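Quick notes on the structure that follows.
The values are calculated or read from the model by the stated rules, or taken from the named source; none is laboratory data. Predicted model, so just to flag it, every value in this text is computed and none were measured. Here Cβ is always computed from backbone atoms with ideal geometry, including for glycine, and neighbour counts include all displayed protein chains. Ligands, DNA and RNA are excluded from the accessible area calculation, which covers all protein heavy atoms including side chains. Shrake-Rupley method; radii C 1.70, N 1.55, O 1.52, S 1.80 Å.
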Amino acid sequence: MKFVIEPAKKCAGRLGLLTGIDRIPDKSYKTPLLLFTEQNLSREVLEISGFQNIAVLLSFDCSVQMTNALKLYKKGISEFIGLKECLTFVTIKNPCYPCLTGHHEKGSLPVYKKSGKINVTSEDYMTFIKESMPDFFVTLADGDTWHDCSKKRIIKSNERSNEMLDECIKHQQGIKVKWSKMIGTVEGGYSEHERRKSVDHIKQHDEKIIGYFIDGLHRNGHDAVSLDSIKVNEIVKYTLSILPHDKIKIMLGAFLPNQVLELVSIGIDVFDSSFAILVSKMNRALTFNFNLQNPALLDSGPEIDLTDSKYKDDFSPFVESCQCLTCKQHTKAYTNHLLNTKELLGPMLLTIHNLHHYKMYFEAIRECIKNDELSDLKEMIDVQYKNKTFSYEVQKNVAQTN
Amino acid sequence: MTGNSPLTFQVLSKCSKTKARRGLMMLRQTKPVETPVFMPVGTQGTLKGVLVNQLKMDNMNCQIMLGNTYHLGMRPGPEILKKIGGLHKFMAWDRALLTDSGGFQMVSLLQLAEITEQGVKFQSPFDTSTECMLTPEESIKLQNVIGADIIMQLDDVVKTTTTGPRVEEAMHRTIRWIDRCLEANERNDDQSIFPIVQGGLQPELRKQCAEALTKRDVRGFAVGGLSGGESKDDFWKIVSLSTDLLPNDKPRYLMGVGFASDLIVCVALGIDMFDCVFPTRTARFGCALVRSGQLNLRKQTYECDLTPIDEKCGCSTCKTYTKAYIHAVINEPIMCSLLTIHNVYFQLQLMRDMRDAIESDKFPEFVKTYMNELYPEEKPKWIVDALKSVNVDL
Ligand SMILES: [Zn+2]
Ligand SMILES: [Zn+2]
């Protein structure tokens with residue numbers, strides 16, 4: 001794998017290119033990169049919707065039930081889920097869903113999969129990695145820390161995570177992991193001291209680590225939306241300052257679009273689409289404007305609730321200029337009807353639009369870095385999300401109706 | 001049939017042994033529907049978890065879909081459909097649509113529906129103090145707003161297993177109602193009403209009904225009141241009698257039938273069109289249709305099954321996914337999407353295979369092969385009898 005950062009300019013943010021991925025050597029991915037999180041769209045639907053060459057984020061908690069099948073399959077999880085030409089990145093927990101609190105057993109991590117809680121050891125986790133053969137995976141870690149958690153919890157999380165990292169490395173040497181590259185999970189909550197300790201520990205294995213996952217700042221789900229931006233920026237800035245500059249940096253979670261820009265300007269290279277997924281699950285469509293060339297803002301705000309009865313006879317698309325399949329073909333009225341009648345197609349149409357919107361947003365971000373316009377974009381997004389209080393509280397395993 | 005007719009039907013080839021026929025139905029001159037055809041049911045203006053684009057893909061090539069007037073009349077309701085100009089535009093489907101009259105849904109879904117000479121009386125499902133009436137005129141008015149290419153008359157529905165004078169009353173009322181429906185149709189130049197042959201399980205009543213209905217100026221016929229718990233013996237005999245009574249130059253639609261063996265037998269008996277919720281409903285419960293029956297992918301045995309649902313299937317699900325994958329995402333929305341695609345494809349492919357077999361005059365051979373695969377041991381007697389009646393010996 002090769003990660004090349006474009007020569008640094010004075011401006012904020014960095015552009016990079018991810019190439020030379022062992023399994024898919026002809027593919028390249030531009031950073032800041034958006035990973036597609038659990039989207040529930042089949043390969044055919046993704047193709048029809050124009051989502052080619054995407055990078056996907058898979059989580060251990062939502063995929064562990066595939067382990068036995070993957071073991072026999074031998075071709076890896078990318079092909080198993082029908083996306084063999086796509087970059088796959090495995091994390092521990094799906095960032096869309098709030099972490100459930102669980103007792104931390106020694107040497108294992110409580111993880112909630114579909115059928116209930118399991119305590120995952122590094123060995124279990126690495127077995128899954130071995131069988132799923134993703135392109136990248138994060139090391140197992142206890143990231144159960146948040147903005148006001150106790151010092152004791154942070155110290156505990158760090159100790160446990162250090163042990164898990166050592167174990168992951170031990171297991172990786174024992175098994176023949178074909179092409180999967182390891183991303184070091186950095187913990188330490190909001191404490192600079194503990195972040196330093198975590199980074200120091202990972203650095204001992206630096207030749208095996210191709211990038212860093214900055215974890216432990218939120219507890220997934222809507223918690224990532226309501227982060228204290230100043231505190232997060234400070235600790236992320238500090239953490240990046242003590243990490244090697246040229247390696248790829250990842251943060252996962254449903255950050256607000258303006259928070260993404262903060263993290264981009266600090267130097268984060270990879271994000272995921274959980275924000276777009278949460279918005280879809282809340283029956284809303286993203287409508288925020290990120291076009292600096294045409295900065296007129298809609299009165300309806302950055303997100304619209306398609307269950308609102310005012311859309312029942314609105315035969316316009318979610319966003320007039322949007323080129324997604326949903327907007328080119330369907331209306332707000334139809335989506336409103338599908339949501340009212342609990343039809344499966346409703347969430348699908350929302351997901352297609354929201355992923356498209358968010359993907360285009362990342363294109364705009366890269367463009368803005370190039371043109372040194374990131375602060376203009378930030379201002380534009382800030383205005384739109386200012387004083388807006390949307391709910392993003394989605395629970396895991398919400399039973400599907402119908 | 002004049003060149004401007006909203007529905008033309010041409011029999012392209014006929015099986016030399018059975019009553020099976022391959023045809024081409026052209027709706028509003030632009031929407032071809034090859035028959036025999038299976039129409040998937042998109043009750044509320046969508047097939048569960050499937051994009052209209054997927055239905056129009058070359059391999060799937062779904063040419064006609066069914067919508068339910070009762071559901072669509074409730075939600076989104078006639079005002080919205082009128083505003084946008086009908087269901088085709090509302091759901092972005094530019095191919096053919098068929099709607100039912102709403103009567104059957106009412107009688108089966110609403111406990112307190114009552115049929116009078118005027119129409120179907122029912123309590124509003126949203127406000128039990130309000131009494132509503134679906135008359136033949138109302139049904140057509142609603143279907144005119146929905147705008148499907150083929151619309152159904154309101155018929156007097158009795159349980160298939162009902163006996164006695166009620167069956168006869170329903171049959172006569174159905175005949176009286178077709179005239180009210182035809183009279184009420186304000187879009188006769190682009191929407192074709194199909195009358196429905198009723199008469200329960202009594203050949204004499206079926207005969208009377210068909211004779212009366214064929215005197216009307218209509219472009220196709222439906223056979224109703226079957227597939228409701230009657231014996232298979234009664235079922236096939238009534239189907240066969242009905243196709244004998246109906247004119248050869250118009251399409252014949254058997255309502256509510258969709259199991260593979262029923263489809264094959266009824267095509268052999270001369271039916272051209274079918275609909276059924278079963279393939280899409282069973283998908284929602286995690287079941288996939290295969291030639292030997294159906295597979296319940298919830299079962300643990302599929303955890304490590306790395307083959308597609310059907311190796312020979314040409315659907316996008318089978319081309320990409322294994323049974324193990326579908327088992328791993330059971331209950332997730334994507335499961336429903338993947339299985340709906342496969343099951344609808346299964347039905348449409350079965351119809352394509354039958355059309356091809358009829359075209360090359362190999363339909364009896366096709367039937368034998370299929371039935372041998374479906375029932376490797378003993379074949380159900382009704383199937384043997386029904387096929388024997390059209391000169392196919394299993
Ligand atoms: Zn769109
Ligand atoms: Zn298939």
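Things to note:
- Consider the range A:2-51 and keep the residues that are within 14 Å of chain B (Cβ to nearest Cβ) and hydrophobic (A, V, I, L, M, F, W, C). The one that is surrounded by the fewest Cβ atoms within 10 Å (Cβ to Cβ) is A:Ile48.
- Flag for A:Ile365 being surrounded by 21 or more Cβ atoms within 10 Å (Cβ to Cβ) and more than 13 Å from ligand 1 (Cβ to nearest atom): yes
- Selection status of B:Asp310, at pLDDT 95 or above, away from chain A (no Cβ under 14 Å) and within 16 Å of ligand 2 (Cβ to nearest atom): yes
- Selected residue (criterion: farthest from A:Leu109 (Cα to Cα)) from residues of the range A:52-85 that are within 13 Å of another protein chain (Cβ to nearest Cβ) and in a loop (DSSP other than H, G, I, E, B): A:Glu85
- In summary, strands (runs of 3 or more DSSP E) completely within the range B:128-224 and bearing 1 or more residues that are open to solvent by less than 10 Å² (accessible area, probe 1.4 Å) occur at B:150-152, B:192-194, B:221-223.
- Of all residues making up the range A:152-170, the number that are charged (D, E, K, R) and in contact with a Ser or Thr (Cβ under 7 Å, 6 or more places away or on another chain): 2
- Matching residues, the range B:260-286, being surrounded by fewer than 19 Cβ atoms within 10 Å (Cβ to Cβ) and in a loop (DSSP other than H, G, I, E, B): B:Val277, B:Phe285
- Taken as a whole, the structure leaves B:Ile341 outside the set of residues that are away from ligand 2 (no atom under 13 Å from the Cβ) and at the interface with chain A (Cβ under 9 Å from one of its Cβ atoms).
- Residue match in the range B:230-249 (condition: open to solvent by 10 Å² or more (accessible area, probe 1.4 Å), of a type in the set (D, E, K, R) and facing chain A (nearest Cβ under 10 Å)): no
- Only listed residue being buried (at least 21 other Cβ atoms within 10 Å of the Cβ), within 11 Å of chain B (Cβ to nearest Cβ), more than 30 Å from A:Tyr112 (Cα to Cα) and more than 23 Å from the chain's Cα centre (by Cα), chosen from A:Asn340, A:Asn336: A:Asn336
- The sole residue among B:Ala92, B:Ala113, B:Ala96 that is open to solvent by 10 Å² or more (accessible area, probe 1.4 Å), of a type in the set (Gly, Ala, Ser) and at pLDDT 95 or above is B:Ala92.
- The residues of the range B:313-327 that are assigned to a helix (DSSP H, G or I), out of contact with any strand residue (DSSP E or B) (no Cβ under 9 Å at 6 or more places or on another chain) and more than 20 Å from B:Leu51 (Cα to Cα), listed by number, are B:Ala324, B:Tyr325, B:His327.
- Just one of the numbered conditions (1) part of a loop (DSSP other than H, G, I, E, B); (2) surrounded by fewer than 19 Cβ atoms within 10 Å (Cβ to Cβ); (3) more than 11 Å from every other protein chain (Cβ to nearest Cβ); (4) of a type outside the set (A, V, I, L, M) is not true of B:Thr301: (1).
- Within the range B:351-370, the presence of at least one residue that is open to solvent by 50 Å² or more (accessible area, probe 1.4 Å), of a type in the set (Ser, Thr, Tyr) and within 16 Å of B:Ala260 (Cβ to Cβ) is confirmed.
- Helices (runs of 4 or more DSSP H) wholly inside the range B:36-127 that include at least 3 residues being in contact (Cβ under 8 Å) with a residue 12 or more places away in the chain and more than 21 Å from the chain's Cα centre (by Cα): B:78-84
- Only residues that are touching a residue at least 12 places away in the same chain (Cβ under 8 Å), open to solvent by 30 Å² or more (accessible area, probe 1.4 Å) and out of contact with any Ser or Thr (no Cβ under 6 Å at 6 or more places or on another chain) were counted across the range B:20-30, and they come to 3.
Residues checked against (1) surrounded by fewer than 20 Cβ atoms within 10 Å (Cβ to Cβ); (2) touching a helix residue (DSSP H, G or I) at 6+ places or on another chain (Cβ under 8 Å); (3) within 15 Å of A:Phe213 (Cα to Cα):
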| site | (1), (2), (3) |
| --- | --- |
| A:Lys156 | yes, no, no |
| A:Leu165 | no, yes, yes |
| A:Ile175 | yes, yes, no |
| A:Lys178 | yes, no, no |
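- Options B:Leu295, B:Leu289; residue that is more than 16 Å from ligand 1 (Cβ to nearest atom), of a type in the set (A, V, I, L, M) and surrounded by fewer than 24 Cβ atoms within 10 Å (Cβ to Cβ): B:Leu295
- Tally, over the range B:313-328, of residues that are surrounded by 23 or more Cβ atoms within 10 Å (Cβ to Cβ) and either under 12 Å from B:Asn59 (Cα atoms) or near ligand 2 (Cβ under 8 Å from one of its atoms) (or both): 3
- Contact map, the range A:342-370: residues that are within 16 Å of ligand 2 (Cβ to nearest atom) paired with residues that are open to solvent by less than 10 Å² (accessible area, probe 1.4 Å), Cβ distance under 8 Å, separation 6+ or inter-chain. No pairs are found.
- Flag for A:Leu286 being more than 16 Å from ligand 2 (Cβ to nearest atom), hydrophobic (A, V, I, L, M, F, W, C), within 26 Å of B:Gly45 (Cα to Cα) and within 14 Å of another protein chain (Cβ to nearest Cβ): no
- Summed over the range B:329-338, residues that are within 11 Å of ligand 2 (Cβ to nearest atom) and open to solvent by 20 Å² or more (accessible area, probe 1.4 Å) total 0.
- Meets criteria (surrounded by 18 or more Cβ atoms within 10 Å (Cβ to Cβ) and over 28 Å from the mean Cα position of the chain (by Cα)) for A:Thr331: yes
- Some residue of the range A:385-395 being open to solvent by less than 80 Å² (accessible area, probe 1.4 Å), away from ligand 1 (no atom under 14 Å from the Cβ), under 30 Å from B:Glu332 (Cβ atoms) and not hydroxyl-bearing (Ser, Thr, Tyr): yes
- Some residue of the range A:322-331 being over 28 Å from A:Lys370 (Cα atoms) and away from chain B (no Cβ under 11 Å): yes
- Out of B:Met351, B:Met335, sole residue that is more than 16 Å from ligand 1 (Cβ to nearest atom) and within 14 Å of chain A (Cβ to nearest Cβ): B:Met335
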